[in-house]
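What follows is one structure encoded as structure tokens, with my remarks underneath.
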Amino acid sequence: MILYRCRTPTDWLCRCGTVARRLKKLDADFEQVRVAQRRSQRDEIQELTSQRWVPVLVDGEEVVTDSHRILEYLSSRDGSQAP
């Protein structure tokens, strides 16, 4: 899995961090890619999702946007309840 996220240096200040914390709690094997702060420079995100917002989770062929949707996806994948 790959988590595209903002450059915020902590997992406690943003939605990207919320997703990263959940992945760590699930002991998921994932890579974090910190994207440019300016949305206009997020070409890779644009190619993946047709928009420039993060977080974005790529799990094989599955691309999930929006922190709430990502948490729901992880819960359904893991079989646990959403937060």
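The values are calculated or read from the model by the stated rules, or taken from the named source; none is laboratory data. All figures in this text were calculated on a predicted structure; none of them were measured in a lab. For neighbour counting, all protein chains shown are included, and Cβ atoms are generated from backbone atoms with ideal geometry for every residue, glycine included. The protein model used for the area step is the full one, side chains on, heavy atoms only, and it has no ligands, DNA or RNA in it. Shrake-Rupley method; radii C 1.70, N 1.55, O 1.52, S 1.80 Å.
Here is how the numbers come out for the structure above:
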| read-out | value |
| --- | --- |
| Positions within the range 54-72 being surrounded by fewer than 16 Cβ atoms within 10 Å (Cβ to Cβ) and either at negative phi or among the charged types (D, E, K, R) (or both), in sequence order | GLU61, GLU62, VAL63, HIS68, ARG69, GLU72 |
| ARG34, sole failed condition from (1) among the basic types (Lys, Arg); (2) free of Cβ contacts under 8 Å to residues at least 24 places away in the same chain; (3) open to solvent by 70 Å² or more (accessible area, probe 1.4 Å) | (2) |
| Residue match in the range 8-23 (condition: in contact (Cβ under 8 Å) with a residue 24 or more places away in the chain and not in a helix (DSSP H, G or I)) | no |
| Exclusive hit being open to solvent by 40 Å² or more (accessible area, probe 1.4 Å) and β-branched (Val, Ile, Thr), set ILE2, ILE45 | ILE2 |
